[in-house]
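Colleague: This is the structure I have questions about; it appears just below.
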Amino acid sequence: MTDKKKLSFPKIHMIYAATESGLVGKGDGLPWVSSFDSKWFQKHTINNPVLFGKNTSLTMGQVGCFPLKNRPCAIVSKTMGQNLISPQGGALVFEDLYSACQHYRNFYNIVIAGGLGLYRTALRTTQPWPDMFGTPEIDNPLVDTVIKTTFPDGYCKGDVYFKDFDPSEDSQFYLAQKETYALCKNDVGKDAYFPEIGYEHVGIFHEDGAREMMPVGGMMTAFEGYTVRETDTPFPWIIFEIWKRRTK
């Protein structure tokens, strides 16, 4: 007798960037420019379906960067009514997160990338898989992983704040990985972000509290650091974190 094949579902990731006080936006755009954070975003979204709200997708489209290259993009909106076709490509439109997640159920990961309303909906939504497979008694939260960038306060201005994810008050998540990068001059005198070796928290964290140190340079860059662009907001440091939901 053969064992029944175990069902596997996509992991639902939520990715966002904020300052220490929770600033995430300026109008419908970002309050900062960070090519380093863009590299981090690309690393965690490439080849994965990425879900956006209507306003976020339209704002990105106005500057010619939506839909994103090399990853399926979708819009969650009850009012758009039809799929988006633009010079940059196409994006499917779904009325809700359930429909979008069900459509991309054959992928390993699905990434929720904003805006504010979609983040808040995602954090209070349960997974659609039980309904799909006739086990409605299973009521698991939708978001498995929160991928977060933190910038210091005082270097940009905006008017949109997101404080709904506060792991210090939410025992459902534990810190799985954290890296701090400090801004300093590289060997040719240009501003560059280097891994901040002096921080005790640099490393990979595990749910049981164990910490595994990472090689110098971390998961993002080589040892020589990441050289910033002239248009980048000159943050003195950047923190990248991955928070995982605790298993029952």
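Colleague: Please identify the pairs in which a residue from region 148-172 that is part of a strand (DSSP E or B) has its Cβ atom under 9 Å from the Cβ atom of a residue that is among the basic types (Lys, Arg) and surrounded by 14 or more Cβ atoms within 10 Å (Cβ to Cβ), counting only partners at least 6 apart or on another chain.
Modeller: Going by the 9 Å Cβ cut-off, the qualifying pairs are Val160/Lys26.
Colleague: Here's a follow-up. Working only within region 170-206, note down all residues that are among the acidic types (Asp, Glu), at pLDDT 50 or above and over 20 Å from the mean Cα position of the chain (by Cα).
Modeller: Scanning region 170-206 gives Asp187, Asp191, Glu196.
Colleague: Using beta carbons and a limit of 6 Å, which pairs, at least six apart or on different chains, have the first residue in region 128-146 and crowded, with 18+ Cβ neighbours inside 10 Å and at pLDDT 90 or above and the second one among the basic types (Lys, Arg) and outside any loop (DSSP other than H, G, I, E, B)?
Modeller: Between residues of region 128-146 that are crowded, with 18+ Cβ neighbours inside 10 Å and at pLDDT 90 or above and residues that are among the basic types (Lys, Arg) and outside any loop (DSSP other than H, G, I, E, B), the close pairs are Asp144/Lys11; Asp144/Arg245; Thr145/Lys244.
Colleague: So in region 45-79, with the set limited to residues that are among the hydroxyl-bearing types (Ser, Thr, Tyr) and touching a residue at least 60 places away in the same chain (Cβ under 8 Å), which one is surrounded by the fewest Cβ atoms within 10 Å (Cβ to Cβ)?
Modeller: Looking at residues that are among the hydroxyl-bearing types (Ser, Thr, Tyr) and touching a residue at least 60 places away in the same chain (Cβ under 8 Å), I get Thr45.
The values are calculated or read from the model by the stated rules, or taken from the named source; none is laboratory data. Note that the structure is a prediction, hence the values are computed from the model and not measured. Heads up, the Cβs are rebuilt from the backbone with ideal geometry, glycines too, and the neighbour counts pull from every protein chain shown.
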